[in-house]
Amino acid sequence: MKVILIQGKANTGKTTLCNRIDEWLLNVKKFSIEDREPKTSTSKIEDFKAIYSKKIDTKEIRIILNSSSDTLKIIDDFKRYYVNNQNNGYDMFVTTIRSPKNVKLNKEVKGIYAPQSEDLVIDMEKSLEEIVNQIQKFFHIVKNL
């Protein structure tokens, strides 16, 4: 499983990026939504968690995306969602995470996918050029699933 973290402080664009990834997966890459909470057709800059799937040749690709990790309660809720929907496994795990300074929240999020490590951290507090480069790496990882 590939692990992608979208990292940053509050109001740095993590949820906005998750919404753009959602649109890209659905409209460009033609993934289907297996499940979404809340159960809206599009989230439009709202926090959500979703599972996407797409059959490529004989393989079913599954991606789980979580746009919020603001509190321990939200992280625990996502952990339950992750476990309850892992019946066929995941090929990619994408979640937001607070800046490394928030040790407690970071530890809880990282505990969901442990013992695996991150394949990519998109740091929303970096320069625009660095963020764009990290997003391009994300696209490359999805392309090679």
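A few remarks follow.
- Ordered by solvent-accessible area of protein heavy atoms (1.4 Å probe), largest first, the residues SER32, SER53 come out as SER32, SER53.
- Cβ-derived FRET efficiency at R0 22 Å, LYS126 paired with LYS79, nearest 0.05: 0.20
- Shape of the chain, Cα gyration tensor, a/c cut at 1.5: rounded
- Rounded Å value of the spacing that divides the Cα centres of the stretch 11-33 and the stretch 118-133: 16
- The fraction of accessible area contributed by carbon and sulfur in the chain is 49 percent, rounded to a whole number (1.4 Å probe; ligands and nucleic acids excluded).
- Residues in the chain average 54 Å² of solvent-accessible surface per residue, probe 1.4 Å, ligands and nucleic acids excluded.
- Share antiparallel - DSSP beta bridges, the stretch 4-116, percent rounded to 5: 60
- Judged by the gyration tensor of its Cα atoms, with axes a ≥ b ≥ c, the stretch 60-144 is oblate; a/c meets the 1.5 cut and b/c is at least as large as a/b.
- Per-pair calculated FRET efficiency, R0 = 22 Å: LYS107 and ILE141 via Cβ, rounded to 0.05: 0.35
- Net charge contributed by nearby residues that have their C-beta within less than 14 Å of ASP91 (K/R +1, D/E -1): +3
- Size of electric dipole in the chain: Cβ of Lys, Arg +1 and of Asp, Glu -1, about Cα centre, debye, nearest 20: 80
- A DSSP coil position with no more than 12 other Cβ atoms inside 10 Å describes the following GluC sites (Glu not before Pro) in the stretch 63-145: GLU125.
- Evaluated with a Cβ-only charge set (Lys, Arg +1; Asp, Glu -1), the stretch 1-68 carries a dipole of roughly 180 debye about its Cα centre, given to the nearest 20.
- Computed extension length for LEU72-ILE33: 11.4 nm, one decimal, from 0.36 nm per residue of separation with the Cα-Cα distance subtracted.
The values are calculated or read from the model by the stated rules, or taken from the named source; none is laboratory data. These numbers were taken from a predicted model, which means no experiment stands behind them. No Cβ is skipped: glycine too gets one built from the backbone with ideal geometry, and neighbour counts run over all protein chains shown. The accessibility values were calculated without ligands, DNA or RNA, using every heavy atom of the protein model including side chains. Shrake-Rupley method; radii C 1.70, N 1.55, O 1.52, S 1.80 Å.
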